[in-house]
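> This is the structure, below, for whatever I ask next.
Read-outs: derived from the displayed coordinates by stated rules, not from any lab. All figures in this text were calculated on a predicted structure; none of them were measured in a lab. Note: ideal-geometry Cβ built from the backbone for every residue, glycine included; neighbour counts use all protein chains shown.
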Amino acid sequence: MASNGWALALHGGQREIPPGEMEASRAGCRAALAAGEAILGRGGGALEAVEAVLRLMEDNPVFNAGTGSARNSDGEVEMDAAVMDGATLDLGGVAGIRGVRHPVSVARLLLRETPVLLVAEGARRFAADRGAELCDPRDLIAERPGGGCDTIGCVARDRAGNLAAATSTGGLEGCMPGRVGDSPMPGCGLYADNAAGAVAFSGFGEEIARAMLAARVIQALEAGATPDAAAGGAIARIAALGSEAGGIVLDRHGRIGWAHNGANFAVGLLAEGGAPRVWLSKDEERKDAGHA
């Protein structure tokens, strides 16, 4: 999918989506696309768009982020999130944060700060000091029928050519307290650089971090690969490690690509002048292409 103007891609996570949750996942992706379109369509910036998209998804318990986050082995919700500005390479990230409604917004507040990553109580204290929306950690617990390692993510290009990427996750169900995945780590779960592109992943965070998947995508784009090829190469690498992941990629020209190697990977894609598309797997996309 290509664009001469703004472009937007989002994902709702790499996991097996139960049949009874599929329509809710589609609806959540469509609503999030509309939130991003409302901003980019009026000339808003990529940073504003990725934050707005993920805030909406964090409020939707069908996704493992914000409300609906997984619980660690102590039964507590600890969340990770990050935002990266492709124009400046500024990064803001939080890890193991508790009791905030929108981790992605706390991450964006860190963009122009000296620390690029704050964790646990330090992250929550920063959120409180900067007026972010706090909540009782128990308010973030919602029964979700699906399991897996789903993170939400978004990449965007605005009309000025600026790129941004954002991720947010409620972590793995039953994981060790204090565990941090790939989501808030640049070069692993996300990256954005106006000179190359933007990428956001979901999957087994430890393997994504070991393989530095986001860095591989950016290097591939710099070498002239298409977004689909860059995404596919990264997924081939994670598959060779015996693991699973899904990723969305946007290059500096506004072309969108995506790939995954698990059962489902909910994605929403939209480019200026085009129609929104939502799929729950690559197989669905192929079937649609066959009927076009």
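> Given a cut-off of under 8 Å on Cα pairs at least six residues apart, what relative contact order in percent is computed for the range 161-292? Write out the running numbers ahead of the final one.
Details: 242 pairs, mean separation 24.1, N = 132.
Computed over the range 161-292, the figure is 18 percent.
> Considering Cα pairs under 8 angstrom that are at least six residues apart, work out the relative contact order of the chain and quote it in whole percent. Working shown, then result.
Numbers: 848 pairs, mean separation 73.8, N = 292.
Relative contact order here is 25 percent.
> Once you charge only the Cβ atoms, +1 for Lys and Arg and -1 for Asp and Glu, what is the size of the charge dipole of the chain about its Cα centre, to the nearest 20 debye? Don't jump to the answer; show the numbers that get you there.
On the way: 27 positive and 37 negative charges, 87 e Å.
Computed charge dipole of the chain: roughly 420 debye.
> Continuing with this model, one more query. Assuming R0 = 45 Å, what is the FRET efficiency of residue 223 and residue 27, from their Cβ-Cβ distance, to the nearest 0.05? Display every interim value, and only then the final one.
Details: r = 38 Å, r/R0 = 0.84.
Result of the calculation: an efficiency of 0.75.
> Output ³J(HN,Hα) for the range 98-111: one whole-Hz value per residue in order, computed from phi by the Karplus curve 6.51 cos²θ - 1.76 cosθ + 1.60 with θ = phi - 60°, and x for Gly and Pro.
10, x, 10, 6, 9, x, 4, 6, 5, 4, 5, 4, 7, 3
> Sticking with this one: Cα centroid distance between the range 6-53 and the range 59-110, in Å?
The distance from the Cα centre of the range 6-53 to that of the range 59-110 comes to 16 Å.
> If Lys and Arg each add +1 and Asp and Glu each add -1, what is the summed charge of the other residues whose beta carbon sits under 14 Å from the beta carbon of residue 110? Let's see the in-between values first.
Details: positive: 108, 112, 124, 125, 130; negative: 51, 80, 85, 90, 113, 129.
That sum, taken over residues with Cβ under 14 Å, equals -1.
> Using the Cα atoms of the chain to build a convex hull, what is its mean projected area in square nanometres?
Taking the Cα atoms of the chain, their convex hull projects to 13.5 nm² on average.
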